[in-house]
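Visitor: Let me begin by handing over the structure; questions about it come next.
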């Protein structure tokens, strides 16, 4: 599992060039099916537009783009290049164009699609996703506060706590910090705490 950068959420931006209107929409996705569904959604929302050009990149290494009727290489590839420059993974940018009556030429189209893609990326914002372990930590009550502080200082996050005979904490921990946290817990609690990794995720 490798860390990656994706979009925080959907973002929309607009750019006008010689009366042609370019509407860029960026969004996080997880699969090719997500991408296909999102493209269909945008085409449905703006069904009267002339073009719906897009590019997306997935963690799997799968990358796709489309000029959707624009001259070859003037739309999809420039959008994809913006995703590459911004190091976006699991993200898609769709640019919807309403033709304004004036031909922009190939260089003009490349500039317009690149610029609109960057505006959409900026509007969506980015989030750094790192591999994490889902962990269950069991400890005597007296160590709960110290346990919480340790997790906070090591980049962990408590997702839930159960208080029965012992306190059981469901936590999310950076994968590269599991061994360190486990060792500190043993030292902190004189081997009375137990950390069990129950799964992996990105967060």
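The values are calculated or read from the model by the stated rules, or taken from the named source; none is laboratory data. This is a predicted model, so every value here is computed, not measured. Ideal geometry is used to build each Cβ from the backbone, glycine not excepted, and the neighbour counts take in all protein chains shown.
Let's see how each residue does on (1) closer than 10 Å to residue 95 by Cβ; (2) in contact with a strand residue (DSSP E or B) (Cβ under 6 Å, 6 or more places away or on another chain); (3) outside the structural domain of residue 84 (by TED's automatic domain parsing):
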{"site": "9", "(1), (2), (3)": "no, no, no"}
{"site": "13", "(1), (2), (3)": "yes, yes, no"}
{"site": "24", "(1), (2), (3)": "yes, yes, no"}
{"site": "29", "(1), (2), (3)": "no, yes, no"}
{"site": "34", "(1), (2), (3)": "no, no, no"}
{"site": "53", "(1), (2), (3)": "yes, yes, no"}
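Visitor: Taking residue 162, is it in contact with a strand residue (DSSP E or B) (Cβ under 6 Å, 6 or more places away or on another chain) and over 30 Å from residue 73 (Cβ atoms)?
Guide: Spelling it out, residue 162 is indeed in contact with a strand residue (DSSP E or B) (Cβ under 6 Å, 6 or more places away or on another chain) and over 30 Å from residue 73 (Cβ atoms).
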